[in-house]
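Just so you know, all these numbers are worked out from the coordinates, no wet-lab data involved. Just so we're clear, the structure is a prediction, and the values are computed from it rather than from any experiment. Note that we place each Cβ from the backbone using ideal geometry, even for glycine, and neighbour counts take in every protein chain shown.
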Amino acid sequence: MVGKRDDRSGADPVPGFDTLAVRGGVERTHYLEHSEPIFLTSSFVFENAAQAAARFAGDEPGYVYSRASNPTVTAFQDRLAALEGAEACVATASGMAAIMATVMSLTASGSHVVAARELFGATLQMFKILERFGVAVDYVKVTDTAQWRSALRPETKLCYLESPSNPLTEIADLAAIGAITREVGVQLVVDNCLSTPALQRPLALGADIVVHSATKYLDGQGRVLGGAVLGARKFIDETLVPFVRATGPTLSAFNAWVLLKGTETLGLRMERQCANALALARWLEAHPAVERVLYPGLESHPQHRLAMAQQSAGGAVIAFEVRGGDEQTRRRRAWQVIDNCRLLSITANLGDVKTTITHPASTTHARVGPEARLAAGIGEGLLRVAVGVEEVADLSADLARGLGVG
Ligand SMILES: Cc1ncc(COP(=O)(O)O)c(C=O)c1O
């Protein structure tokens with residue numbers, strides 16, 4: 001895992017990743033509770049009218065209303081900021097809320113965005129919606145650094161990508177793309193959902209802003225929706241916080257508490273899930289009914305070396321294609337694998353300790369349309385497995401049943 005103890009002689013050691021995951025952001029109340037408290041309150045009271053005025057004006061620190069800020073949400077934000085190595089963080093109601101708040105707060109009518117073609121389906125949909133409001137979007141191949149440079153225009157405000165991408169686990173060269181965007185003053189926004197800060201810290205590699213679907217590995221047990229935006233304090237305080245306060249995509253205190261509990265086991269879970277994923281990816285690669293496996297931890301992955309330079313492990317998402325025939329036959333075979341699963345959960349979520357399986361072309365990427373799917377390389381034979389913490393032998397036995405059917 002990245003972010004292990006940084007022992008600088010003479011100074012107090014900076015706590016290691018797993019310590020921050022358990023203890024970061026903790027501010028005890030006067031009751032000295034051990035587990036973080038949940039502040040389920042919409043608003044906060046003031047001593048008097050003058051204090052209310054001072055808090056609303058921002059002249060006095062303190063909580064006002066939970067759409068803007070809440071102590072449980074603050075604890076989660078501070079913990080995640082420590083894990084990502086970010087100056088500041090704003091938590092949101094979902095991953096899409098984090099992405100939308102980031103992109104909308106950086107753009108206006110007439111702005112230009114460069115985005116990867118290989119993105120989660122709803123993110124591609126969101127960019128389509130923003131085009132209705134006068135934001136132009138050009139798409140480039142996430143792995144082709146030269147395309148990122150040539151797509152830039154004077155009115156480009158941000159470059160947006162996932163690395164690894166969902167579902168094909170394609171890898172962007174974050175340092176190279178970051179050097180290009182920095183040169184021209186464009187913000188590089190990276191969705192770090194699949195790696196989490198346990199494996200990769202994009203801000204240290206070249207990104208300006210990191211977004212998360214906390215729904216995934218940060219929760220880790222498929223319970224709540226959540227999201228987060230992380231970056232420089234100036235951007236968060238002056239641009240993002242006013243946007244979120246005025247538009248309301250705020251994380252609830254209860255969900256923040258669940259996510260605080262989730263982050264406590266992030267390192268442990270990622271370690272086991274990555275090890276399981278590598279073992280399962282190797283098994284799939286050797287299976288005669290499988291045409292190709294895409295998993296960053298496999299030597300056969302086209303960006304394996306880059307992935308291993310940027311990430312401390314391959315992650316827990318595997319994409320693989322079933323062998324043979326036309327697109328219709330491939331869809332039939334892919335669905336056969338799904339329908340024969342008794343253990344793997346047939347669901348589109350990922351990041352859970354329970355292994356999940358989905359057919360991206362008919363689920364997560366169904367709404368983006370055949371052209372965008374083709375451009376993103378998502379065919380009918382493609383399956384995505386998000387590996388959990390079960391025994392690998394049980395997972396492979398479950399997949400073998402469907403793969404064995406002719
Ligand atoms: C890579 C990625 N980014 C963003 C999202 C959106 O997150 P949420 O479902 O929390 O809105 C997802 C959801 O699957 C995702 O996989």
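Kindly work out what percent of the DSSP beta bridges joining two residues of the chain are antiparallel, to the nearest 5.
55 percent
Find the centroid of the Cα atoms in the stretch 369-406 and in the stretch 99-158, then give the distance between the two in whole Å.
29 Å
Which lysines have a Cα lying under 22 Å from the Cα of Lys128, excluding residues fewer than 8 positions away in the same chain?
Lys141, Lys157
Please give the charge dipole size of the stretch 267-404, origin at the Cα centre, charges +1 on K and R Cβ atoms and -1 on D and E Cβ atoms. Round to the nearest 20 debye.
Value, rounded to 20: 140 debye.
What does the helix-only formula give at 222 nm for the chain: each DSSP H stretch with n ≥ 4 adding -39500 (n - 2.57), the total divided by the residues, and the result rounded to the nearest 500 deg cm²/dmol?
Helices in the chain give a 222 nm mean residue ellipticity of -11000 deg cm²/dmol.
Taking the mean number of other Cβ atoms within 10 Å as a proxy for protection, how do you rank 282-289, 332-339, 380-387 from highest to lowest?
Result, highest mean first: 380-387, 332-339, 282-289.
Please work out how much length the chain gains when fully extended from Ile129 to Ser109, using 0.36 nm per residue of separation minus the C-alpha to C-alpha distance, in nm with one decimal.
Gain on stretching Ile129 to Ser109: 5.9 nm.
Say each of Arg182 and Ile346 gets a label point 7 Å from the Cα, pointing the same way as Cα to Cβ; how far apart are those two points in nm?
4.8 nm
With each pseudo-label sitting 7 Å past Cα toward Cβ, what's the Ala366-Ser42 distance in nm, one decimal?
So the label points at Ala366 and Ser42 sit 3.6 nm apart.
Give the share of C-alpha pairs in each 10 angstrom bin for the chain, from 0 to the last occupied bin, in whole percents, shortest bins first.
Taking every Cα pair in the chain, the percentages come to 5, 22, 31, 25, 12, 3, 1, 0.
List the lysines whose Cα lies under 18 Å from the Cα of Lys216, skipping any in the same chain that are fewer than 8 positions away.
Lys261, Lys354
Distance between the C-alpha centers of the stretch 9-87 and the stretch 206-244? Whole Å please.
The stretch 9-87 and the stretch 206-244 have Cα centres separated by 15 Å.
Quick one: Asp173, Asp352, Asp78, fewest Cβ neighbours within 10 Å first, how do they rank?
Ascending Cβ contact count within 10 Å gives the list Asp78, Asp173, Asp352.
Full extension from Arg323 to Arg245: what is 0.36 nm times the residue separation minus their Cα-Cα distance, to one decimal in nm?
Taking 0.36 nm per residue and subtracting the Cα distance, the gain is 23.1 nm.
Rounded to two decimals, what ratio of Rg to Rh does the stretch 267-404 give with C-alpha atoms and a Kirkwood Rh?
0.95
Need one number: nm distance between label points at Trp335 and Ala175, each 7 Å from Cα along Cα→Cβ, rounded to one decimal.
4.6 nm
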